[in-house]
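None of the figures in this text is laboratory data; all of them are computed from the coordinates on show. Every value quoted in this text rests on a predicted model; they were computed, and no experiment measured them. Neighbour counts run over all protein chains shown; Cβ positions are idealised from the backbone, glycine included.
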Amino acid sequence: MALFLRDDEIYHGGGRPTGFARYQQLLSERFGRWWKVNLLTLLGCLPLALGIFYAVGTSSLLVLYPCSLAGGMIAGPFLAGMYDAVLRGLRDDHLPWRDAYVRSWKQNWKSSIAMGAVMGLLLGQYVFMGMLFWWAERAPGWTAVLVYLLGLLLLLTVNTLLWPQVVLFEQKWPVRMRNAALFCLLNFWRVLGAGLLQLGYLAVFVLFAPWSLLLLPVVGLWYIVFLSQFLIYERMDDSFQIEELYGELES
């Protein structure tokens, strides 16, 4: 019945469920772990959010860039931990969440700092651009709004494809970008759906703020990360042999 409650009938069959049954199984088994990691991730993203808020409040790009860069560098390892926790759930890894989280920090902090810095800068710019629309004397045209939303959709999509590679593989950045581009071309509609889902999720929080912010400790980042990765995980596993690779490493 429920989106967030266990349905016992799902768990008595052999093998791994598929579709909505798999969605319910993962929520039932992993909610507690992901919720705890989500709280840590929100804490790690707080400097970035405060820095961008202060830059917008002062209407200063000179404040925005260093705050976004530093805040993104701080947030990066926390976001890597969030993606690592979700991907471990998707491949049914049974390592205790604390051990997995500590391992993620040890393995991914360098590459996630770089990724977080770039993400922070781009996110700060997009928030500032959105406020420019709000401050403008005339309402922006539909073309400007469409370009803005398409750019934001591209940013969310790239994040969806790059963060898993950061936490799963040790690669150079050109290889990660090439993998993301090829995966997007081969699975365009699935990737587009994941990006649109994130864009809609973000729009709900923005349009209904500040009341929507009360949901952050509950669903925050973990749910949309899980949902977007859930949509593309099987295709990613087919392309990158994730479970075969990690099965060999853990055996």
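Using only alpha-carbon positions in the stretch 47-143, the gyration tensor eigenvalues give semi-axes of 34, 15, 9 Å once each is multiplied by 5 and square-rooted (largest first).
May I ask for the angle, rounded to the nearest 10°, between helix 188-207 and the longest principal axis of the chain, with both axes built from Cα atoms and the value confined to 0 to 90°? On a 0 to 90 degree scale, this one is about 60.
Beta carbons within 10 angstrom, averaged per residue: use that to sort the peptides 195-203, 22-30, 140-148, 237-245, highest first.
22-30, 195-203, 237-245, 140-148
Between L199 and L62, the modelled label-to-label distance comes to 3.6 nm, taking each label 7 Å out from Cα in the direction of the beta carbon. Each listed q (0.08, 0.12, 0.15 Å⁻¹) maps to a log10 I(q)/I(0) for the stretch 23-250, found by the Debye formula over equal Cα scatterers with no solvent: -0.29, -0.67, -1.06.
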